[in-house]
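A.B. asks: This is the structure I have questions about; it appears just below.
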Amino acid sequence: MYSNELIKGTLKTIVLKLLSEEGKMYGYEMTQKVKELTNGKIVITEGALYPLLHKLEADGLLLTEKVAIGKRVRKYYSLTDQGSSSASEKITEFLDYMKTMKFILQGENGLALE
Amino acid sequence: MVLLSNKQVDQIHDLLLNQGVKLDSLRLDLLDHVCCLVEDKMEKGISFHTALHNSIKQFGEDGLHKTNEATLSMLNSKSILMKKISSIIGILGSIAACSGGFFKIMHWPGANMLLLSGIVAIVLLYLPLLIVVKFRETESTLLKFSYLAGLFGAMVNGIGVVFKLLHFPGANYLIIASLLIIGLIFMPIYFTHAFRLAENKLSNLAFAGVLFVALFLLYGLTNSGNGRVMSDSVFIMHQDMMDKIDRANAEREEVFSDLPTEAMGQKTEELLNYLSEFRTHSVMVSQNISREQAENINIRDLYWGTGIKGLHDMLDSHPKYNPDTLRSKLQEWQAQAEEKGLMNQKLCCQPVDGPKGKLSWEEAHFGNSCTILSLVSFLDQLKLEINQKSIQLALQIIYQKDAPQGAVLSPKIS
């Protein structure tokens, strides 16, 4: 399992990527999906996920759709147009960042971890 | 596949509410989330209660409440700065208004300016900003309604106080209306609903300060004799003095008609005319009315707050109608009257006993705390005295003409 710090910084990218792949998802589904995809190496906590989802919704990146399940309501989140473009931006940026990190950590500049 | 019963869902909902998930939209999410967690666990044969207990534990200590707070602060990150700015404006505004009220009570200069700037800062800057911030944080329509009522009440109150300071009519009605709005609509809703959710101490402190100032101003200004209401006894006393002046005036003219060559008759006439002009001018500049209106105004219709700028400007810089000219004219008349034999009669150019010891003549009658009412009464009093003294003088001149050399009339007349 990775440290909270790492997950915190990348959570937005993870959520946007998930939604761009899956279309619409509800919160619990996202946590399970991430756990499954990463073999339990990344566990998203509810305390971090829901504040982010609400923030993204308020910023106009996400849409919600409410479906009643018995007495409770399930909220499905999906990307808006703005959210889609923000998702691809974030993903490109992060891939680039990983390349740079790799360069720093394993490069020929003597910074290699040894 | 386990699906929770309605009763179990309600139970989880109440638990979330008790654990501090106040945001409605977040509670929907977390309710579904916890239900899923519990259902998953029950699928593995765990009982509902154990499953629920373990699911809540998963959030960590106070985790549900913290999630609620984290969501709130994420949603309000923009308004945090706004909240700080509005709180600072509110605190500064209430300090300005409070010290303005204090200055006013002490009759120090600049009181109105401080009060006005404080009220403007509070009503036009602090309150609207506060309402915007509060609207973003609040989901309850009842509370939103109470905020609007509070803003409206406070604005009416601010306008009422400004009216009062500027001596416009209708100020009292505005203040009473604002009190009713704040007291009967805003306060009951706000204090029963919002104080439980006190998220931000700074903004509540500023808010309490503003409420306090509003009530303070209300009390201070309506009770500081700043209105136009004059008590009946003062009015009757003044009417009585006016009657005395009329009678003394007629008597003086009659007595001096027996002395057509006496120069003091003319001098006295001039001094009395000067006093009348002084009075008319003071009324004109303080009430902002024409000469004709000023000559005929009933003393009851005067606006008589302290610190009317026009009046003080006139007293400070008018070439003719200022305390120095008045004093020298009075002293000149007195010197001539003494030369003619008027004895032991001091005119009121002397220092005056004030509540805090002796005040100079100028300070007592023309100082910062002087009102148009006190000035008019003082000038009328002078007119009465000059009339009475000149009658006495005339009688003495007549008596000395007929009497043997060296005889002096007693200075008191009946």
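The values are calculated or read from the model by the stated rules, or taken from the named source; none is laboratory data. Keep in mind that this is a model prediction, so the values were computed, not measured. Note: ideal-geometry Cβ built from the backbone for every residue, glycine included; neighbour counts use all protein chains shown.
A.B. asks: Pick out the one residue from B:ALA70, B:ALA111 that is over 30 Å from A:ARG74 (Cα atoms), of a type in the set (Gly, Ala, Ser) and either at the interface with chain A (Cβ under 10 Å from one of its Cβ atoms) or touching a residue at least 40 places away in the same chain (Cβ under 8 Å) (or both).
C.D. replies: It is B:ALA111.
A.B. asks: Residues B:SER55, B:SER79: which one is within 12 Å of chain A (Cβ to nearest Cβ), farther than 30 Å from B:CYS370 by Cα, modelled with pLDDT under 85 and part of a helix (DSSP H, G or I)?
C.D. replies: After applying the criteria, what remains is B:SER79.
A.B. asks: Moving on. Would you check if B:ARG327 is basic (Lys, Arg), at pLDDT 85 or above, under 30 Å from B:GLU253 (Cα atoms) and surrounded by fewer than 19 Cβ atoms within 10 Å (Cβ to Cβ)?
C.D. replies: Answer is yes for this residue.
A.B. asks: If I ask for residues that are in contact (Cβ under 8 Å) with a residue 40 or more places away in the chain, outside any helix (DSSP H, G or I) and either buried (at least 16 other Cβ atoms within 10 Å of the Cβ) or not charged (D, E, K, R) (or both), which ones from segment A:55-99 would you list?
C.D. replies: Answer for segment A:55-99, where residues must be in contact (Cβ under 8 Å) with a residue 40 or more places away in the chain, outside any helix (DSSP H, G or I) and either buried (at least 16 other Cβ atoms within 10 Å of the Cβ) or not charged (D, E, K, R) (or both): A:LEU61, A:LEU62, A:ARG74, A:LYS75, A:TYR76, A:TYR77, A:SER78, A:LEU79.
A.B. asks: So B:MET1 ticks every box in (1) at pLDDT 90 or above; (2) away from chain A (no Cβ under 11 Å) but one. Which box is left unticked?
C.D. replies: (1)
A.B. asks: I need the full set of residues from segment B:68-120 which are under 30 Å from B:ASN18 (Cβ atoms) and small (Gly, Ala, Ser), in order please.
C.D. replies: Answer for segment B:68-120, where residues must be under 30 Å from B:ASN18 (Cβ atoms) and small (Gly, Ala, Ser): B:ALA70, B:SER73, B:SER77, B:SER79.
A.B. asks: Do you know which of the residues in segment B:8-45 that are more than 12 Å from every other protein chain (Cβ to nearest Cβ) and basic (Lys, Arg) is nearest to B:GLY63 (Cα to Cα)?
C.D. replies: Filtering segment B:8-45 for residues that are more than 12 Å from every other protein chain (Cβ to nearest Cβ) and basic (Lys, Arg), the one nearest to B:GLY63 (Cα to Cα) comes out as B:LYS22.
A.B. asks: Shifting gears a bit: Can you find, within segment B:253-262, the residue that is surrounded by the fewest Cβ atoms within 10 Å (Cβ to Cβ) among those that are without any contact (Cβ under 8 Å) to a residue 24 or more places away in the chain, outside any loop (DSSP other than H, G, I, E, B) and not polar (S, T, N, Q)?
C.D. replies: B:GLU254
A.B. asks: In segment A:16-55, how many residues are more than 10 Å from chain B (Cβ to nearest Cβ) and hydroxyl-bearing (Ser, Thr, Tyr)?
C.D. replies: The qualifying residues number 2.
A.B. asks: Related question: Based on what the data block shows, is A:GLU5 within 8 Å of another protein chain (Cβ to nearest Cβ) and acidic (Asp, Glu)?
C.D. replies: no
A.B. asks: Would you confirm whether any residue within segment B:60-67 is part of a helix (DSSP H, G or I), within 14 Å of another protein chain (Cβ to nearest Cβ) and under 21 Å from A:ILE69 (Cα atoms)?
C.D. replies: no
A.B. asks: Give the residues of segment B:183-219 that are modelled with pLDDT under 65, among the aliphatic types (A, V, I, L, M) and within 20 Å of the chain's Cα centre (by Cα), sorted by residue number.
C.D. replies: Hit for segment B:183-219 is B:LEU218, nothing else.
A.B. asks: Here are some conditions: (1) more than 11 Å from chain A (Cβ to nearest Cβ); (2) within 21 Å of A:GLU57 (Cβ to Cβ); (3) buried (at least 17 other Cβ atoms within 10 Å of the Cβ). B:GLY90 meets all but one. Which one does it not meet?
C.D. replies: Status for B:GLY90: all satisfied but (2).
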